[in-house]
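Read through the structure below, which is laid out as C-alpha cells, and then see the notes.
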Amino acid sequence: MIQPDSFSALNDCWCEQSAELFTMEESTYRRPISSVEVGGVPASAHATAKELEAGEDKHTTVASTGAHDDDDTPIPPPKTYMQRFSLIQTSQNDPRSWVVILLRPFALVTYPAVMWAGIVYGVQVMWLSLLATTQSEIFSLEPYNFSVVNVGNINFAAFIGGILGMLWGGTVSDRCLLYLARRNSGIAEPEMRLWTMLVPSIINSGGLLMYGLGAYYGLHWILSAGFGTGCIAFGIGSGGAIAITYAVDCYSLVASEALVLMLFVRNLFGMGFTFAIQPWLSADGLRNTSIIMAMICLVSNLSFLGMVWFGKGMRRWTASRYAKAAEGART
C-alpha cells in the first residue's frame, strides 16, 4: 500500500515536472559563424585585457572588425509560445549524425588541458562523495552523538564554503587573469588563471585533515564539521571551476565537446570513489585515510604548476588538430 508520504512525494514530483513542461523552453541556438572565426587562429591566440574586460575574446574582435559576412544576416523573427515550448525541436539541430556527436568528445582525450581539467575536477568530486558518505557515520556516534537533524546541519558549513569557493573560482579568478594580462603588455594567456589554484590547494588539503583527523581524535566539532567541511567545500567550488574554465579558454570553439569529456572523467572519479571509500576506511582507518586523501588533494591541485610551465607548448602541439575540430564543429 502506498503511504501518505509517498502520495506527497508523487504530487511534488508531478508539480515539478509540470512546471518544467510549461516554463523551461528549448535554448539550443546555432548562431552564424563567419569564415574568419572558423578558419582563424585557434584559442591559443592572445586577447588583450581591454577585450577581456569588455567580455570579448580575440575571435569575436577579429570577426566583428575584419569580416562583414554576418552583418547582412537577417534577424530571425521571435518564436511564439508554442514554438518555444514544443516537445520536438528540429530547427537548430546539429547537422552531424548522432554517432559523430556521441564519439566526438572522446577525440579530445589527446588534448592535455582538457584531460587535466577533467581529472582535477574528478578529484574534487571525490571529496563531495566523502562528505556525503561519512558525515552520518562519523558524527552520529561518540563523542559527537549528533541527531539526524544536526548531521544535516553540517551542510551549512559546506554551503558557506561553496559560496566562497564559487566567488574565488569565478570573480577572483577572472580578476587575476586581467591583472596578469595588464602586466604582460595587455596579452592574456589561459595559464594566467591557474595561479588562483594555489589557494584551493592549501585550503582544500587542510580541510581534509581537519575533517578526518579532528573527528579521529575527538576534537571539538567546530574543527571537523565546521571548518573542515567548509574548507573542503571551498576547494570543491573553486578548484573544479578554475580547471574547467582554463580548458574552455584553451579550446573555446570546441567547448561543448570538451565539457562533455571533462564531466565524463569527473563522474568516473566520483562513482569509483563512492564505492571505494568505505572499504578504504575499513582497511586503513580514518586517520591514515585522511592523511593520504590530503596528499592526493595537494598533489592534484598543485599539478597546475605543470600546466603553467608547459601549457602553452601543449596548446601549440594541439593547434592544428584543434583548428580542424573547430571547423568541423561549425559546419
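In this label model, Tyr144 and Leu302 are separated by 2.8 nm, measuring between points 7 Å along each Cα→Cβ vector.
Taking label points 7 Å from Cα along the Cα-to-Cβ direction, Lys324 and Trp280 give a separation of 3.9 nm. Ranked by the mean number of other Cβ atoms within 10 Å per residue, highest first, peptides 135-145, 213-223 order as 213-223, 135-145. Put a dot 7 Å past the Cα of Thr23, heading toward its Cβ, do the same for Thr171, and the two dots end up 2.7 nm apart. Between Ile75 and Ile160, the contour length at 0.36 nm per residue exceeds the Cα-Cα span by 26.3 nm.
Take the Cβ atoms of Ile187 and Asn267, set R0 to 35 Å, and the FRET efficiency comes out at 0.45.
So how much slack lies between Trp309 and Val100, counting 0.36 nm per residue of separation and subtracting their Cα-Cα distance, in nm?
Working: separation 209, 0.36 × 209 = 75.24 nm, distance 3.39 nm.
Computed gain between Trp309 and Val100 is 71.8 nm.
Every number in this text was worked out from the coordinates using simple rules, so none of it is lab data. Note that this is a predicted model, so its numbers are computed, not measured. Here the Cβ is made from the backbone with ideal geometry for all residues, glycine too, and neighbour counts use every protein chain on show.
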